[in-house]
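Every read-out reported here was derived from the displayed coordinates using simple, explicitly stated rules and does not represent laboratory data. As the structure is a prediction and not an experimental result, all values here were calculated from the model. Glycine also receives a Cβ, built like all others from the backbone with ideal geometry; neighbour counts cover every protein chain displayed.
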Amino acid sequence: MLKKIILLMILIILSTTNILAAEPETKIIRVPIIARSPETGVILGGMAIYLKEEEEKNLKVDLAAMYTQENQANIFLKSYKGYDDKKLELGISYQDWISKFYGIGNNTDIDNEEKYNSKGFKVEGSISKEIINDGFLGLITSYEDYSLSLNKEIEGIEESKGIDLLSLGLKYSYDTRDRRMNTRSGQYLNYEAKTYYYSMDDYKFFKHDIDYRFFKSISNEHTIGFQTKLEINRGEIPFQSLASLGNSNIMRGVINGRYIDNNKFAAQIEYRYPIHKKFSGVVFASIGEVYEKDFKTDQLKESYGLGVRYNLDKESGINMRLDLAFGQEESQFYVNIGESF
């Protein structure tokens, strides 16, 4: 039944007419998704991106549905609406996903792999107001409900069978990027501080998330990009809210969720350059680690790689990307839509 629903959504997304894009300032970009990651195998799906830009406000809506070779499903809707001095963001997602667990910590054995299924949904939203030039302060909230099929209890970890969480917090963002996708110049900072509850009277844990990005155009179509991410958790942290290292966006070459613990640091640098017409290339390198309490530089993991891009829409900068990445244990190949950061 789920497979039929996903297939129907993909067909609807890819057959969407341009009625919504009748006005000159609007655009609909339809993208068939043919992707691959080590954890999912082949991913098939569809994505529609609706863009509307006016002098003092703009709107972006992403809708996607995906089904994988491993019978995994992911559906999400993300919307961003910006006014002259306000921003409103909303996200809704559902997933039925198979992941891998190797143990807690930065030095687990890759042979201790255990697969588990995570099924559920998440709703999140934020509203922000500009307080300085390009700087926005606002409120953020989320609710998530997931069941988990991990076949063991994890000592010292809360709720290894699933979560039902409400979060409330503050968000600050600073954004001078020339564009949100395939950025060529500018900076981006996003800081979130959230308290998580099982109910409004039952405080569980506190999370800090920091995402900083810097881009510099060094010549025509040549760009250097840098990103660093920091996640700090304090309190009774449920299994699915632990910090995770490795995915298709940062620490490429490390299996998704290969290392998990209370906290995470990760950083990457990427050089983007033109090849021919719609084709471009990248080379990248990353470092990162997860840790319980104390960060140790001698425990850092490393990865590096190279990739090819094919431009799907020049104005918005949307690319299809193919990356080959090498971690300290093995190599990984990724096919995806949009840049890693």
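In straight Cα distance, which aspartates and glutamates are under 19 Å from Lys229, not counting same-chain residues fewer than 8 positions off?
Within reach: Asp175, Glu192, Asp209, Asp211, Asp261, Glu270, Glu289, Glu292, Asp294, Asp298, Glu302, Glu339.
How far apart, in nm, are the 7 Å Cα→Cβ label points at Asn107 and Asn133?
Label at Asn107, label at Asn133, 5.0 nm between them.
Which entry is the computed semi-axes √(5λ) of the Cα gyration tensor in Å for this structure: [x] 30, 24, 23; [y] 37, 21, 18; [z] 52, 22, 18?
Correct label, based on the coordinates given: [x].
Could you compute the net charge surrounding Leu139? Neighbours are other residues with a C-beta less than 13 Å from the C-beta of Leu139; K and R count +1, D and E count -1. Mind showing how you got there, number by number?
Working: positive: Lys86, Lys87, Lys129, Lys171, Lys194; negative: Glu89, Glu124, Glu192.
Neighbour charge sum, excluding Leu139 itself: +2.
Taking a 20 Å limit on the Cα-Cα distance, which of the listed pairs Lys86/Lys171; Lys78/Lys115; Lys57/Lys86; Lys27/Lys81 fall beyond it?
On the way: Lys86/Lys171 13 Å; Lys78/Lys115 28 Å; Lys57/Lys86 9 Å; Lys27/Lys81 15 Å.
The answer is Lys78/Lys115.
For the chain, what does the helix formula give at 222 nm: sum of -39500 (n - 2.57) over DSSP H segments with n ≥ 4, over the residue count, nearest 500 deg cm²/dmol?
For the chain, the value works out to -1000 deg cm²/dmol.
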